[in-house]
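What follows is one structure encoded as structure tokens, with my remarks underneath.
The values are calculated or read from the model by the stated rules, or taken from the named source; none is laboratory data. Since this is a predicted model, take the numbers as computed values, not measurements. Cβ atoms come from the backbone with ideal geometry, glycine included; neighbour counts cover every protein chain shown.
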Amino acid sequence: MTDIITRAASAESVIHCGKGAFEAHAPKWKNKQIYIVTDSNVFAIYRHLLWGTFGNGFSLTVLPAGERSKNPKNLISILKDMLACGMKRGGVVIAFGGGVVGDIAGLAASLYMRGCRLVQIPTTLLSQVDSSVGGKTAVDLEGVKNVIGSFYQPEEVIVDPRFLQTLPEREIRCGLGEIIKYGALDKDIYNKIIKNCGNLKNENFLEEITADCIRHKARVVGEDERDENGVRKTLNLGHTTGHAFELFYGKKSHGEFVLIGMYYELYIARKYGICGGQYAENLEKLIKSVIKIPAYDDVEESAKFAAFDKKNDDAKITLIVPETEGKSAEIKLLPREYASLLAECRNKIKDGI
Ligand code: ADP
Ligand code: ZN
């Protein structure tokens with residue numbers, strides 16, 4: 001087990017990572033006033049663990065599993081229930097689940113009586129390596145992702161690989177999407193991924209790489225908590241195109257779209273001479289080893305969704321792309337250029353190149 005500290009401008013968080021982290025750190029909350037937010041799948045598997053760890057004195061919301069639960073109506077109903085349960089400001093909200101649960105429970109904690117205590121216990125690989133760390137919280141509005149949100153650091157994050165044992169294979173792949181993204185930003189992470197590339201789903205590898213990714217993210221959040229000075233923006237590598245496809249095509253989940261987005265953006269980076277040689281080839285191979293890249297017929301249409309990306313600061317589309325090991329670069333493209341490069345990449349995929 002290791003502890004990692006996020007030193008964000010607004011607050012510090014401690015992240016306990018590794019096998020046994022749940023048993024070692026969750027029970028200390030038992031005698032506090034607890035409000036747990038979880039989802040239907042996670043509750044079905046782990047309700048006995050929750051009762052066994054926290055007794056049966058806690059209050060609880062079980063959301064239907066899935067991104068659609070991240071809505072204002074559920075947010076208000078959590079807040080109303082916290083009030084009805086007599087939660088005090090000193091009480092603790094425990095987010096027990098994947099990114100959906102973490103985002104909405106984090107937002108509820110940040111709003112309730114202007115902010116109560118928050119503990120994140122992420123149970124998916126994706127939320128362990130990414131969304132539970134860094135204090136971003138949100139719900140969607142009118143189908144647009146993360147419109148209502150806040151920056152609110154959890155007091156503690158408990159990252160225990162035990163929860164990955166019940167996670168469907170596909171959700172592991174989603175987590176690998178973000179892990180490979182970290183690989184494109186951090187040389188040590190990249191080298192470890194390459195060394196284990198035939199064995200990325202191995203438990204021990206995942207435990208070690210999860211801590212590495214969290215360490216990377218904690219560093220970035222320490223330098224740029226509110227996404228203001230360009231440092232945190234790097235974590236968005238692959239996401240401009242990933243999000244655009246996600247908005248247009250839906251169906252697949254976030255981590256899979258991140259991989260697909262990285263693949264298309266790597267093509268653009270190569271075309272611009274920003275990324276090349278053996279490194280570009282290895283990265284391409286790595287992405288393809290985790291997911292089959294679709295040759296989307298409507299790339300030009302879906303490219304329009306990149307216009308909503310938060311990184312755009314003028315009429316151009318901003319991409320964060322791999323450059324060399326451990327280094328990313330920024331490319332700004334006119335929407336027209338961007339769409340035609342995506343189409344070019346799509347055609348290459350179609351031709352099997
Ligand atoms: P994210 O990938 O952002 O963490 P979700 O919160 O939607 O997204 O979680 C993905 C899916 O995995 C959901 O259906 C959720 O119920 C399920 N899930 C979360 N944790 C576990 C777990 N430990 N075991 C089995 N299923 C889980
Ligand atoms: Zn992401």
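Points to keep in mind about this one:
Each row is one residue, and each column tells you yes or no for (1) more than 16 Å from ligand 1 (Cβ to nearest atom); (2) over 16 Å from Lys145 (Cβ atoms); (3) modelled with pLDDT of 95 or more.
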| position | (1), (2), (3) |
| --- | --- |
| Thr241 | yes, no, yes |
| His254 | no, no, no |
| Ile274 | yes, yes, yes |
| Gln278 | yes, yes, yes |
| Leu283 | yes, yes, yes |
| Asp314 | yes, yes, no |
| Ser340 | yes, yes, yes |
| Gly352 | yes, yes, no |
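- Filtered residues of region 58-101 (kept if touching a helix residue (DSSP H, G or I) at 6+ places or on another chain (Cβ under 6 Å), closer than 19 Å to Glu155 by Cα and surrounded by fewer than 16 Cβ atoms within 10 Å (Cβ to Cβ)): Arg89
- Enumeration of residues in region 132-161 that are in contact with a His (Cβ under 9 Å, 6 or more places away or on another chain) and either surrounded by fewer than 20 Cβ atoms within 10 Å (Cβ to Cβ) or not aliphatic (A, V, I, L, M) (or both): Lys145, Glu156, Asp160
- Evaluation of Gly255 against the conditions (1) under 22 Å from Gly98 (Cα atoms); (2) small (Gly, Ala, Ser); (3) surrounded by fewer than 18 Cβ atoms within 10 Å (Cβ to Cβ) shows that the sole unmet condition is (3).
- Among residues of region 72-100, those that are among the small types (Gly, Ala, Ser) and farther than 25 Å from Cys174 by Cα, counted: 5
- Residue satisfying all of: in region 284-311; of a type in the set (Val, Ile, Thr) and outside any helix (DSSP H, G or I); surrounded by the most Cβ atoms within 10 Å (Cβ to Cβ) among these: Ile291
- Selection status of Tyr264, more than 30 Å from Ala9 (Cβ to Cβ) and in contact with a Ser or Thr (Cβ under 7 Å, 6 or more places away or on another chain): yes
- Considering residues of region 110-149 that are within 15 Å of ligand 2 (Cβ to nearest atom) and among the β-branched types (Val, Ile, Thr) only, the residue farthest from Cys213 (Cα to Cα): Thr137
- Residue satisfying condition, being under 22 Å from Leu247 (Cβ atoms), under 23 Å from the mean Cα position of the chain (by Cα) and without any contact (Cβ under 8 Å) to a residue 60 or more places away in the chain, within set Val100, Val62, Val139, Val147: Val147
- Set Gly230, Gly177: member being over 16 Å from the mean Cα position of the chain (by Cα) and of a type in the set (Gly, Ala, Ser): Gly230
- Which numbered condition Gly106 fails, given (1) more than 16 Å from ligand 2 (Cβ to nearest atom); (2) closer than 18 Å to Glu156 by Cβ: (1)
- When residues of region 126-159 are limited to those that are within 10 Å of ligand 1 (Cβ to nearest atom) and either in a strand (DSSP E or B) or not hydrophobic (A, V, I, L, M, F, W, C) (or both), the one farthest from Lys181 (Cα to Cα): Ser132
- Where a residue in region 297-319 is closer than 14 Å to Leu247 by Cβ and its partner, wherever it lies, is basic (Lys, Arg) and buried (at least 17 other Cβ atoms within 10 Å of the Cβ), with Cβ under 7 Å and at least six apart: Val299/Arg346
- Residues (out of contact with any helix residue (DSSP H, G or I) (no Cβ under 8 Å at 6 or more places or on another chain) and outside any helix (DSSP H, G or I)) located in region 331-353: Lys332, Leu334, Asp351, Gly352, Ile353
- Matching residues, region 27-42, being over 19 Å from Leu125 (Cβ atoms) and touching a helix residue (DSSP H, G or I) at 6+ places or on another chain (Cβ under 8 Å): Pro27, Trp29, Lys30, Ile34, Tyr35, Ile36, Val37
- Members of region 212-232 that are of a type in the set (A, V, I, L, M) and either at pLDDT 95 or above or surrounded by fewer than 15 Cβ atoms within 10 Å (Cβ to Cβ) (or both): Ile214, Ala218, Val220, Val221
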